Amino acid sequence: MNLSNRPRRNRKSAAVRNLMRETSLTASHLIYPMFVQEGTHNTPIESLPGCTRWCVADIAAECERLYAMGIACVDLFAVVPETKKDPAGTEAWNPEGVVPRAIAAIKAAVPQMCVMTDVALDPFNTYGQDGIVREYDNGDYEILNDETVDALCRQALCHARAGADIISPSDMMDGRVAAIRAALDSEGFTKVSILSYTAKYASAFYGPFRGALGSAPKFGDKKTYQMDPANKREALREAALDAAEGADMLMVKPATLYLDVIAELKHATHLPIAAYHVSGEYLMIKAAAASGWLDERSCMLESLLSIRRAGADMILTYAAPQVAEWLAENPLN
């Protein structure tokens, strides 16, 4: 064949492919979601194989290990006993709560570790909803927006006082970014960043996470505040609002099912984009690999690389420690 253009010349060896590679994936792109619980023991999470509910006493040592692997940011989620839950979720801003204590322990052991915290009420209130619930006599209910935002500001300040570097509101209430920014600034926490869950969809892929956290809604669903999976332009509106309100970073959740949304936000804003590789996405690969149908390493790396290719600057994933080990042993080639 008389071909002047042969694209395969750019794929002929690992060395040449590396020269042409458009997208990278390293441990520095990864954020590890960590669950922290009361007590003195750690508990493996059945719904998220490879993940653990950590006690405060041990989470710092694990963060030292993660930091040595190149993972420089963790995101903390509270596992709250039912006895500490109430309708208002007041445990969320208890300065002696499990998250503030975990922040302090991590910062004391690994000052360089960037500590992010989840800000939402669903692990703390009796309803498993991200906001404060008003119940009506006829059985209907409403998730109250403005009252919830006031509570989220209390939670954010509690975490900032404990030493959190990034506050990450995952509730999807209107106006919460501006309110949290004002609350943080009013107490001098001008260096504390906000990573907003900008486009958090009402996805069916959160099940394993809710099992790990014990935060499944006790009634109804979350569709009055989380976004409709059918919508993309709505994400652009949310992004514009969050940017105007003072968000430092924007998030899309889930990730691999919403690569188009990641790409849209990447083009629509100059803010860094995070993507959450959620529990269902993670577990599908783990379960298929455990059954022998997929190669776990190849499929996990390909999934995360696709998220980066779509435009994500950082990825929250439960696979972070394993991926960091894989990449240390054999970088993508």
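The values are calculated or read from the model by the stated rules, or taken from the named source; none is laboratory data. None of the values given here were measured: they were computed from a predicted structure. Here the Cβ positions follow ideal geometry from the backbone for every residue, glycine too, while neighbour counts run over all protein chains shown. Remember, those area values only see protein heavy atoms, side chains included, never the ligands or the DNA or RNA. Shrake-Rupley method; radii C 1.70, N 1.55, O 1.52, S 1.80 Å.
Values for this structure:
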{"quantity": "Scan of the stretch 74-88 for residues that are of a type outside the set (D, E, K, R) and either touching an Asp or Glu at 6+ places or on another chain (Cβ under 7 Å) or buried (at least 22 other Cβ atoms within 10 Å of the Cβ) (or both), ordered by number", "calculated": "V74, L76, F77, A78, V80, P81"}
{"quantity": "Residue under evaluation K12, criteria (1) out of contact with any Ser or Thr (no Cβ under 8 Å at 6 or more places or on another chain); (2) open to solvent by less than 30 Å² (accessible area, probe 1.4 Å), criterion not met", "calculated": "(2)"}
{"quantity": "Matching residues, the stretch 53-69, being open to solvent by 30 Å² or more (accessible area, probe 1.4 Å) and under 21 Å from W326 (Cβ atoms)", "calculated": "E64, R65, Y67, A68, M69"}
{"quantity": "The stretch 123-148 - residue that is acidic (D, E) and modelled with pLDDT under 95 and, of those, surrounded by the fewest Cβ atoms within 10 Å (Cβ to Cβ)", "calculated": "D137"}
{"quantity": "Residue identified as touching a residue at least 60 places away in the same chain (Cβ under 8 Å), open to solvent by less than 50 Å² (accessible area, probe 1.4 Å) and touching a Leu at 6+ places or on another chain (Cβ under 9 Å) among A120, A156, A162, A151", "calculated": "A151"}
{"quantity": "Given (1) touching a residue at least 12 places away in the same chain (Cβ under 8 Å); (2) farther than 23 Å from R65 by Cβ, index of the condition Q322 fails", "calculated": "(2)"}
{"quantity": "Matching residues, the stretch 275-287, being open to solvent by 20 Å² or more (accessible area, probe 1.4 Å) and either small (G, A, S) or part of a loop (DSSP other than H, G, I, E, B) (or both)", "calculated": "A287"}
{"quantity": "Selection status of A263, of a type in the set (G, A, S), surrounded by 23 or more Cβ atoms within 10 Å (Cβ to Cβ) and not in a strand (DSSP E or B)", "calculated": "no"}
{"quantity": "Residues of the stretch 204-256 satisfying the condition of being more than 29 Å from D165 (Cβ to Cβ), part of a helix (DSSP H, G or I) and touching a strand residue (DSSP E or B) at 6+ places or on another chain (Cβ under 9 Å)", "calculated": "E234"}
{"quantity": "Output for the stretch 188-209, where each listed residue is modelled with pLDDT of 95 or more, open to solvent by 20 Å² or more (accessible area, probe 1.4 Å) and either in contact with a Leu (Cβ under 6 Å, 6 or more places away or on another chain) or under 26 Å from E46 (Cβ atoms) (or both)", "calculated": "A202"}
{"quantity": "Per-region count, the stretch 99-117, residues open to solvent by 10 Å² or more (accessible area, probe 1.4 Å) and over 22 Å from P81 (Cα atoms)", "calculated": "6"}
{"quantity": "Output for the stretch 288-300, where each listed residue is more than 18 Å from L327 (Cα to Cα), open to solvent by 40 Å² or more (accessible area, probe 1.4 Å) and not polar (S, T, N, Q)", "calculated": "A290, G292, W293, L294"}
{"quantity": "Tally of residues being under 30 Å from D140 (Cβ atoms) and of a type in the set (A, V, I, L, M) across the stretch 185-211", "calculated": "3"}
{"quantity": "The stretch 15-48, residues that are more than 30 Å from G280 (Cβ to Cβ), open to solvent by less than 90 Å² (accessible area, probe 1.4 Å) and either in a loop (DSSP other than H, G, I, E, B) or among the β-branched types (V, I, T) (or both)", "calculated": "V16"}
